[in-house]
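Novice: One structure, as structure tokens, below. Some questions next.
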Amino acid sequence: MGYELTQQEMKAYFKTLTKQYRLVGPIREKAKGSFSDTDKIVYGVFEDIEDLVLEEKAFYSPKEFLMPIRETLFHFIDGQIVEPKIDTKPILIFARPCDLNGIRRLDTIFLKNGDIKDAYYERRRQLVKYVMIECREGFDTCFCVSMGSNTYTDYEAAIRFEGDHSLLEVVDSTLVTQDLSRVRKTDFVPEYIKENKVKVEIPPTDKVNKSLFEHPLWKEYTRRCIACGRCNTSCITCSCFTMQDVEVSDDGLLDERRRVWASCHIKGYTDMAGGHGFRKQNGERMRFKTMHKINDYHKRFGEHMCVGCGRCDDVCPEYISFSKCINKLSEIIKEESHE
């Protein structure tokens, strides 16, 4: 069912939704940007439609509402193991198609990646519904069309913001509130961006071979990459974490086990007992990430892990472009195939 709502009607609708859901979407955090007196756009809880920021790309993705940056899995209390309770109020995430496709890939990693599901991820995932924000133009660094992530249809609702009014498609009947019975009905079908400014050519998986692992391309990234991990933490599909056992009380009676975001780029992630470590060079880490995003994951699940949101390009302090890295790899494969 489609609806056309004025700004005031939409505010009333959102207010009703907050009684049942935590609304999550791109919002502005004042003076929390990378430089003095700059803002940062992040995914956070909001209550008013005017809090949503649509003209700028969010610095981070919404994945922390499914996979918190730091999550306590259980407490050790005087010899017993106790799982902490979580906020069970349902969440309504307002996000663009690329991010919703990204969450679907997280679902694959945590829920469809073998016989055992990740129970901690699943309990949060079951609380989440989606409102897809229609995206017809994208941003300068997006390449979602190349990655096939520019469309998304498995949502509970979709919305188009147009100045002083909004168009809403509601698929989930539980989101049809009394507020919608009084507004104008309309036929609304969301549209999608068809062409990005940035275009990426994905190398065929059958052309990726071991010879590429030693290519000088990766040495370039050893010189440039500082292994800060910003590309990983901003990425919607990066799902790596590390485990920590933390002593909470001085008497040793209260401890907890946490999982914390980690990543292939951050120093120490592949270190093992005895001092052995894999991928010590930053270029090797870039190679691992690239192959995983556009090759390994595809071989296992039939689609690329990268969704082309372009956040990694946006946040890199060394101006390393992942989209250009993919294109460079494709060119190298073409050159080698003609030799």
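The values are calculated or read from the model by the stated rules, or taken from the named source; none is laboratory data. Bear in mind the structure is a predicted one, so any value in this text is a computation, not a measurement. Cβ coordinates were reconstructed from backbone atoms using ideal geometry, including for glycine residues, and neighbour counts include every protein chain displayed. The accessibility values were calculated without ligands, DNA or RNA, using every heavy atom of the protein model including side chains. Shrake-Rupley method; radii C 1.70, N 1.55, O 1.52, S 1.80 Å.
Novice: Report Rg (one decimal) and Dmax (nearest whole number) for region 282-330, counting Cα atoms only, units Å.
Specialist: According to the Cα coordinates of region 282-330, Rg and Dmax are 11.0, 32 Å.
Novice: Starting from the residue with the highest accessible area, list Met1, Met243, Met305 in decreasing order, probe 1.4 Å.
Specialist: So, going from the largest accessible area down, we get Met1, Met243, Met305.
Novice: Further question: State, as an integer percentage, the relative contact order of region 2-186 based on alpha-carbon contacts under 8 Å between residues 6 or more apart.
Specialist: With pairs under 8 Å counted, the relative contact order is 28 percent.
Novice: According to a simple spin-label model (label point 7 Å from Cα along Cα-to-Cβ), what is the distance in nm between Asp78 and Gln8?
Specialist: Using points 7 Å along Cα→Cβ, the separation is 6.0 nm.
Novice: Tell me, rounded to the nearest percent, the portion of alpha carbon pairs in region 160-298 spaced more than 20 Å apart. Present the calculation step by step, with values, prior to reporting the outcome.
Specialist: On the way: 6616 of 9591 pairs.
The calculated P(r) of region 160-298 puts 69 percent of pairs beyond 20 Å.
Novice: On average, how much accessible surface per residue is there in region 122-278, in Å², for a 1.4 Å probe, leaving out ligands, DNA and RNA?
Specialist: 55
Novice: Taking θ = phi - 60°, what integer Hz values does the Karplus form 6.51 cos²θ - 1.76 cosθ + 1.60 yield along region 115-126, in sequence order, with x for Gly and Pro?
Specialist: 7, 10, 8, 7, 5, 6, 5, 4, 5, 7, 4, 5
Novice: What relative contact order, as a whole-number percentage, does the chain give when Cα pairs under 8 Å and 6 or more residues apart are counted?
Specialist: 21 percent.
Novice: Moving on to the next point. Using only protein heavy atoms and a 1.4 Å probe, report how much of Lys299 is accessible, in Å² to the nearest 10.
Specialist: Rounded to the nearest 10, the figure is 130 Å².
Novice: I've got another one for you. Work out the FRET efficiency for Lys328 and Met1 from their Cβ-Cβ distance, taking R0 = 41 Å, and round it to the nearest 0.05.
Specialist: It comes to 0.30.
Novice: If Lys207, Lys129 are ordered by their accessible area, calculated over protein heavy atoms with a 1.4 Å probe, which sequence runs from highest to lowest?
Specialist: Numbers: Lys207 105, Lys129 50 Å².
My answer, sorted largest first, is Lys207, Lys129.
Novice: Next question. Do any of Lys112/Lys334; Lys63/Lys334; Lys11/Lys112; Lys63/Lys199; Lys89/Lys299; Lys280/Lys324 go past 32 Å between their Cα atoms, and which?
Specialist: Lys112/Lys334; Lys63/Lys334; Lys11/Lys112; Lys89/Lys299
Novice: Residue by residue through region 75-83, which ³J(HN,Hα) values in whole Hz follow from phi under the Karplus form 6.51 cos²θ - 1.76 cosθ + 1.60 (θ = phi - 60°), with glycine and proline marked x?
Specialist: Rounded to whole hertz, the list is 9, 9, 10, 6, x, 10, 9, 10, 7.
Novice: How much accessible surface does Phe35 have with a 1.4 Å probe, in Å² rounded to 10?
Specialist: My reading of the accessible area for Phe35 is about 150 Å².
Novice: Mind checking which of Gly138, Gly277, Gly310 has the largest fluctuation in a GNM of the chain, springs on alpha carbons under 10 Å?
Specialist: With Cα springs under 10 Å in the chain, the top fluctuation among Gly138, Gly277, Gly310 is at Gly277.
Novice: Suppose all protein chains stay in the model; what accessible area per residue would a 1.4 Å probe give for region 12-101, in Å²?
Specialist: The answer is 51 Å² per residue.
Novice: So, one more: Using only the alpha carbons, work out the radius of gyration and Dmax of region 1-138 in angstrom.
Specialist: 17.4, 58
Novice: Follow-up. With all protein chains present, how much of the accessible area of the chain (probe radius 1.4 Å) comes from carbon and sulfur, to the nearest whole percent?
Specialist: Of the solvent-accessible surface of the chain, carbon and sulfur hold 49 percent.
Novice: How big is the equivalent ellipsoid of the chain along its three axes, where each semi-axis is √(5λ) from the Cα gyration tensor, reported in whole Å from largest to smallest?
Specialist: 35, 29, 18
Novice: In terms of modelled amide H atoms, which long-range or inter-chain residues lie less than 5 Å from the amide H of Val171?
Specialist: Correct list: Ala157, Ala158.
Novice: Right, another one. Run the quick spin-label model on Lys267 and Lys129: label points 7 Å from Cα toward the beta carbon, then report their separation in nm to one decimal.
Specialist: 4.7
Novice: Once you treat every alpha carbon in region 108-228 as an equal point and sum by Debye, what is log10 I(q)/I(0) at q = 0.17 Å⁻¹?
Specialist: Here log10 of I(q) over I(0) equals -1.13.
Novice: Of Tyr269, Tyr120, which has the most accessible area and how do the rest follow, probe 1.4 Å? Could you put the intermediate results ahead of the total?
Specialist: Working: Tyr269 80, Tyr120 40 Å².
Output order, biggest surface exposure first: Tyr269, Tyr120.
Novice: Round to the nearest 10 and report in Å² the accessible area of Cys228, as given by a 1.4 Å probe over the protein chains' heavy atoms.
Specialist: 60
Novice: Collect residues whose amide H, placed 1.01 Å from N in the peptide plane, falls under 5 Å from the amide H of Phe59; neighbours closer than 5 in sequence don't count.
Specialist: Residues meeting the amide H criterion: Ile41, Val42.
Novice: Got a sec to turn the phi values of region 268-277 into Karplus ³J(HN,Hα) couplings, 6.51 cos²θ - 1.76 cosθ + 1.60 with θ = phi - 60°, whole Hz, x for Gly and Pro?
Specialist: x, 5, 9, 5, 10, 4, x, x, 7, x
Novice: Binned at 5 Å from 0, what are the whole-percent values of the Cα-Cα distance distribution for region 79-140, short to long?
Specialist: P(r) for region 79-140, in whole percents per bin: 4, 14, 19, 19, 17, 11, 7, 4, 2, 1, 1, 0.
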